[in-house]
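The values are calculated or read from the model by the stated rules, or taken from the named source; none is laboratory data. All figures in this text were calculated on a predicted structure; none of them were measured in a lab. A quick note on method: Cβ atoms are made from the backbone with ideal geometry, for glycine too, and the neighbour counts reach across all protein chains shown.
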Amino acid sequence: MAVKKNIAPKNELLKVYRNEAFDIGFYDYFKDLPNNKISQVLNNRERKITLNSVTYRQINSWEEQGLLTIERENREWRKYSLMDAIWVKILQELREFGFSIDKIRATKESLSFLSDKCGVPMPFLEFYTAFALGGKMPVVILFFTDGVAVPANFTQFKVTKEVFDVDHHIQINLNKILQGFFPNLDLWPKYELEMPVSIEEVELLAFMRVKQFEKVEVHYKGGRIDLIEGLERVDAQKRIMDIFREQKYSDINLIQQDGRIVAVTRKVKKKIKGTTHPE
């Protein structure tokens, strides 16, 4: 007699993935958001991100439909954060798969789960993006027939699939999206990685790969990362007070030539506070 797999409704599968996310540091990631440098990198709209495959008409249409919100003054050009750009690519892919606007609204709502509590628009998508960038975790986003979306560690997904019959769905590879934004970086996932690295290691690796610091110093205490310092070059045209306000913990160095500021460097400091390692 054949052994029948356990069959669980999609809501139970959502709990499986979400519990796994909490186990590997979800609360650690969002507990001190003002000092979370990864989140700042992912949500900073000063970085130039090009979306060549998406048309201006599509962007306008999605904004009118309430699927996309990019704040801008008057008629200036839109500036995208990395998280904005990821969501735009997801929108494009889902439309090409034939998802209706109403179904994509359900997708946006499901990805916005806990947004008020966490302080970012799409907490689970951002959390897994941080690990895909910093730890090269293989991440897929599952989209079910009702529009509900679930980001998942691909390794964990394969294990879960052996236990439960998963509802029909399509998958989008988050790592491939990220690699497309940064063609000069090697962001392809490490499928042999069974468990993710710790939160502080993800912060360090994400800094080095995306933030483009000129120099990174790592200070250890008791065998664990205690402080990260990154030296970055700042736009010399910015107002000095704006530069000071942008980072809570930083040292500013101004370089003058003929009475004019020609270069500004800033040492950004990130204190690691008792981060929990995954078991």
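Collect the residues in region 22-64 that are polar (S, T, N, Q) and at pLDDT below 85, keeping them in residue-number order. Within region 22-64, 50, 52, 53 meet the criteria. For region 114-136, the criterion of being within 21 Å of residue 167 (Cβ to Cβ), among the polar types (S, T, N, Q) and without any contact (Cβ under 8 Å) to a residue 40 or more places away in the chain is met by none of the residues. Checked against (1) among the small types (Gly, Ala, Ser); (2) free of Cβ contacts under 8 Å to residues at least 40 places away in the same chain; (3) touching a helix residue (DSSP H, G or I) at 6+ places or on another chain (Cβ under 7 Å), residue 98 passes all but a single condition, namely (3).
Being in a helix (DSSP H, G or I) and modelled with pLDDT of 85 or more, is that true of even one residue in region 4-21? No, every residue in region 4-21 fails to be in a helix (DSSP H, G or I) and modelled with pLDDT of 85 or more. Against the conditions (1) out of contact with any Cys (no Cβ under 9 Å at 6 or more places or on another chain); (2) at pLDDT 90 or above; (3) of a type in the set (D, E, K, R), where does residue 126 fall short? Just the number, please. So residue 126 meets the others, but not (1).
Where in region 44-130 are there helices (runs of 4 or more DSSP H), lying fully within it, with 3 or more residues that are touching a strand residue (DSSP E or B) at 6+ places or on another chain (Cβ under 9 Å)? Full working, then the answer.
Values: elements: 56-64, 82-96, 101-111, 115-118.
Per the criteria, 82-96, 101-111.
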